[in-house]
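Here the structure comes first, spelled out in structure tokens, and everything after it is commentary.
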């Protein structure tokens with residue numbers, strides 16, 4: 001008799017395989033659709049189709065037929081769907097309102113050169129600018145007020161500060177705990193420590209943030225005697241507590257998966273348990289430990305609530321004891337207050353797209369480094 005294969009012989013297994021495939025495919029498609037939606041909302045900023053200048057050359061209602069629909073849509077700050085569904089009479093009324101708004105601008109703003117600046121241009125979002133009332137060029141994120149400033153450099157600096165502080169705090173503790181639990185601890189101690197550390201990942205971020213706000217900030221200020229109580233240092237340390245379980249769990253699995261023959265051979269040659277763990281097991285598990293660090297970086301850079309609660313002032317400073325504001329914090333704090341389709345709305349989606357790309361690139365670089373580590377350990381070139 002021949003062996004029957006396929007859905008006729010094994011209908012349940014065949015159906016389970018197809019369901020697993022569909023679930024995996026749907027997850028990939030959902031991520032792709034989310035990115036496409038974010039990119040679509042951010043495209044006007046990337047292509048320079050937004051304008052935040054307080055004083056603009058108005059388009060008179062009688063001249064609306066002389067301009068293309070794209071120009072009118074950008075001028076009225078409407079989405080393509082809104083512009084397509086809006087009657088021509090309503091568009092004319094909106095243009096009359098724009099003309100009246102230009103006439104009502106106070107005289108002091110008319111004399112301000114910044115009132116004619118389109119702050120959504122890339123040179124104003126990336127480079128320092130000499131704003132009125134400032135002694136020198138500055139990077140400023142100030143999306144409120146008559147003249148809105150959208151320089152994104154303080155947000156990137158704040159994100160890097162908080163994320164790197166969190167990793168510098170979390171990685172040594174998590175990897176050290178993984179080495180101890182997997183190589184040095186007695187079985188009974190291991191059975192208690194491993195689930196205890198992994199259970200920390202179940203603590204909500206808002207709880208960690210409130211604890212850092214009420215307790216940790218005061219304790220750290222008393223120890224280090226800095227001036228600003230809520231700063232990037234406090235946020236980074238609190239962020240480290242959220243990252244430690246992720247790094248620990250993956251690193252411990254990587255260390256445990258190293259063949260026991262390596263450990264037994266080292267111990268048989270007279271090495272101590274610590275020497276074996278540090279010089280034999282850790283190098284063999286280095287790809288897994290690095291993968292844990294990369295995933296911890298992704299977890300840290302995407303964290304919102306902890307940073308939002310502890311510090312949220314967009315200060316352009318590399319000092320870790322100054323306040324900071326991350327990209328995710330900015331999106332969470334301001335998205336609910338913006339006008340859909342407006343320049344501020346578009347820039348927040350642009351920040352989300354840049355964060356998505358940065359995370360994707362970091363994961364690709366991490367995967368490349370892990371692959372190189374594996375080739376080196378396996379003796380291939």
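The values are calculated or read from the model by the stated rules, or taken from the named source; none is laboratory data. This one's a predicted model, so the numbers in the text were calculated from it and none came from an experiment. So basically every Cβ, Gly included, is an ideal-geometry build from the backbone, and we count neighbours across all protein chains shown.
Considering 63, 71, 41, 96, the condition of being part of a helix (DSSP H, G or I) and exposed (fewer than 11 other Cβ atoms within 10 Å of the Cβ) is satisfied by 63 alone. Within segment 74-91, the set of residues being surrounded by 13 or more Cβ atoms within 10 Å (Cβ to Cβ) and more than 34 Å from the chain's Cα centre (by Cα) comprises 86, 91. Kindly check whether there is at least one residue in segment 331-340 that is under 23 Å from residue 220 (Cβ atoms) and either buried (at least 16 other Cβ atoms within 10 Å of the Cβ) or more than 16 Å from the chain's Cα centre (by Cα) (or both). No - not one qualifying residue is present in segment 331-340.
Restricting attention to segment 142-166, the residues that are closer than 17 Å to residue 319 by Cβ and touching a residue at least 40 places away in the same chain (Cβ under 8 Å) total 13. Kindly indicate which of 184, 160, 164 is farther than 30 Å from residue 127 by Cβ, out of contact with any strand residue (DSSP E or B) (no Cβ under 6 Å at 6 or more places or on another chain) and in the same structural domain as residue 348 (by TED's automatic domain parsing). On inspection, the qualifying residue turns out to be 184. Scan segment 361-372 and tell me whether some residue there is modelled with pLDDT of 85 or more and more than 13 Å from the chain's Cα centre (by Cα). Yes, segment 361-372 contains at least one residue that is modelled with pLDDT of 85 or more and more than 13 Å from the chain's Cα centre (by Cα). Could you go through segment 60-71 and let me know if any residue there is within 22 Å of residue 344 (Cα to Cα) and in contact (Cβ under 8 Å) with a residue 24 or more places away in the chain. The answer is no; no qualifying residue exists. Of all residues in segment 111-130, those that are at pLDDT 85 or above and under 20 Å from residue 45 (Cβ atoms) total 13.
Where helices (runs of 4 or more DSSP H) fall wholly inside segment 150-248, the ranges with 1 or more residues that are within 30 Å of residue 277 (Cα to Cα) and either more than 20 Å from the chain's Cα centre (by Cα) or modelled with pLDDT of 90 or more (or both) are 153-179, 187-199.
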